[in-house]
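The values are calculated or read from the model by the stated rules, or taken from the named source; none is laboratory data. Remember, it's a predicted structure, so these values are computed and weren't measured experimentally. Virtual Cβ from ideal backbone geometry, glycine too; neighbours counted across all protein chains shown.
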């Protein structure tokens, strides 16, 4: 066993007793895998998988970067200890929880009004304040928001909330949904499109009824979204022994529907919320790391897609720095810790997936972009543009690239246009395959946490995702600002049971 890094973590046993106890931990290499190992003076030793392939781990960690601090991200709340001195990454995406009510009862769900016994549902006035809090965040306001729940379509004023998000200045708005309501109404999908929702972020845990009891509703929702041309990202929660074996088949389904499906963002299960207190044997059985996910994709496509096609989020950091230099405007920086997630882009050629890494020297390209952003002196923009035009196609293997692929035009639009819309042509011709493995008390690494780029805007301030869910701070926030179910039913004249879907299984 070889120690690779000393870190700080928490004791999972103390956490289950309601205490966040910071303890020393190590990232260690053992038998070709990477683990988090830690010891609590009270509860003893803990060890959990971090990366199932030590070589992939070392490749990803090369791209770790540190961004500008974001001092208004909360590092201490309630009576919990200071988690770390200062946050190190900006908000790439802000989550806005508009309700904890839901029409389903998924066993792995982070939150659920039916299970918690109270309703969290901020008013429109509070929601506007939460949006402005994110937009006014320093050093740069959040530009992308995910409206989430619970199930946000439960709220009858969702369309008004979407319009509000656009009005306060979010350039990208996505709605996180199980898809049930979207499957029942093409007109509802059209209204979401008319209010300028950019993306539907839809739960999609498998392609069979055994792994995904709502597969027919998912398919119907996709058809309705296709009719109104509203793009969708599939979001499977991967659980060992339940749906892990369908990982590659989910990718195949997405490829076959990539006219409307923009990507698949896998989320290996995080043991928080309702699934915190599983026994060790059960947790080990259900635990999925990046490598287990990638192995399933490799098997499904017989090596046409491999783990080597995936790169961690901060790999693209040089692009934002280049755009910032060219435009003279601060850009959102992708400075997440490499352990927070990775992705690749797939093209579909002759009914086969073609990862972008197979026809572009992506590492050489990013090194070239980084060198461009480091240029100094007069006429900088002109010199960079000239260098692009002369050298950009040096990184493309033209005999392997999809027909009509024009990297020069795509990067010119991105670098000189410098906006999300500039990359739209690229997104619509390819399929994003990514993974975000959120932390829990068993595998938490504070180095990752303080570089979190996905944040919640809450009534207690801006909170990192893995603080909100993985460390249970969200439970405390919702508890403080919630209404007991009986009181909520009396005040609204509604019944919690009426939220439940009548068309099929709830869990």
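When the range 330-366 is filtered for residues that are under 23 Å from residue 88 (Cα atoms), assigned to a helix (DSSP H, G or I) and over 22 Å from the mean Cα position of the chain (by Cα), only 366 remains. Can you tell me how many residues in the range 449-507 are on the phi > 0 side of the Ramachandran plot and surrounded by 19 or more Cβ atoms within 10 Å (Cβ to Cβ)? So the count comes out to 1.
Take residue 107 and tell me if it is under 21 Å from the mean Cα position of the chain (by Cα) and either surrounded by fewer than 18 Cβ atoms within 10 Å (Cβ to Cβ) or at pLDDT below 95 (or both).
yes
One residue is enough: does the range 37-53 have a residue meeting the conditions surrounded by 20 or more Cβ atoms within 10 Å (Cβ to Cβ), part of a loop (DSSP other than H, G, I, E, B) and modelled with pLDDT under 95?
At the first step, the residues of the range 37-53 found to be surrounded by 20 or more Cβ atoms within 10 Å (Cβ to Cβ) are 38, 46, 48, 50-52.
Pick out the ones that are also part of a loop (DSSP other than H, G, I, E, B) and you get 52.
Subset that is modelled with pLDDT under 95: none.
No, the range 37-53 contains no residue that is surrounded by 20 or more Cβ atoms within 10 Å (Cβ to Cβ), part of a loop (DSSP other than H, G, I, E, B) and modelled with pLDDT under 95.
Taken across the range 70-92, residues that are in contact with a helix residue (DSSP H, G or I) (Cβ under 7 Å, 6 or more places away or on another chain), surrounded by 14 or more Cβ atoms within 10 Å (Cβ to Cβ), on the phi < 0 side of the Ramachandran plot and outside any loop (DSSP other than H, G, I, E, B) do not occur at all.
You will find that of 40, 102, the residue that is touching a strand residue (DSSP E or B) at 6+ places or on another chain (Cβ under 6 Å) and over 19 Å from residue 449 (Cα atoms) is 40 and no other.
The helices (runs of 4 or more DSSP H) falling completely within the range 210-298 that include 3 or more residues that are over 27 Å from residue 185 (Cβ atoms) and without any contact (Cβ under 8 Å) to a residue 60 or more places away in the chain map to 247-256, 280-286. Given the criteria in contact (Cβ under 8 Å) with a residue 60 or more places away in the chain, closer than 27 Å to residue 329 by Cα and buried (at least 16 other Cβ atoms within 10 Å of the Cβ), does residue 171 qualify? So residue 171 fails the test. The sole residue among 507, 483 that is at pLDDT 95 or above and either in contact with a helix residue (DSSP H, G or I) (Cβ under 8 Å, 6 or more places away or on another chain) or more than 25 Å from residue 140 (Cα to Cα) (or both) is 483. Among the criteria (1) part of a loop (DSSP other than H, G, I, E, B); (2) out of contact with any helix residue (DSSP H, G or I) (no Cβ under 9 Å at 6 or more places or on another chain); (3) farther than 30 Å from residue 129 by Cα, the one residue 107 does not fulfil is (2). Being out of contact with any strand residue (DSSP E or B) (no Cβ under 8 Å at 6 or more places or on another chain), farther than 30 Å from residue 297 by Cβ, in a helix (DSSP H, G or I) and at pLDDT 95 or above: is that true of residue 156 here? Here the answer is no, as residue 156 does not meet what is asked. Selection of the range 11-36 for residues being closer than 22 Å to residue 285 by Cα and either in a strand (DSSP E or B) or touching a residue at least 40 places away in the same chain (Cβ under 8 Å) (or both) yields 11, 12, 15, 16, 27, 28, 29, 30, 33, 34, 35, 36.
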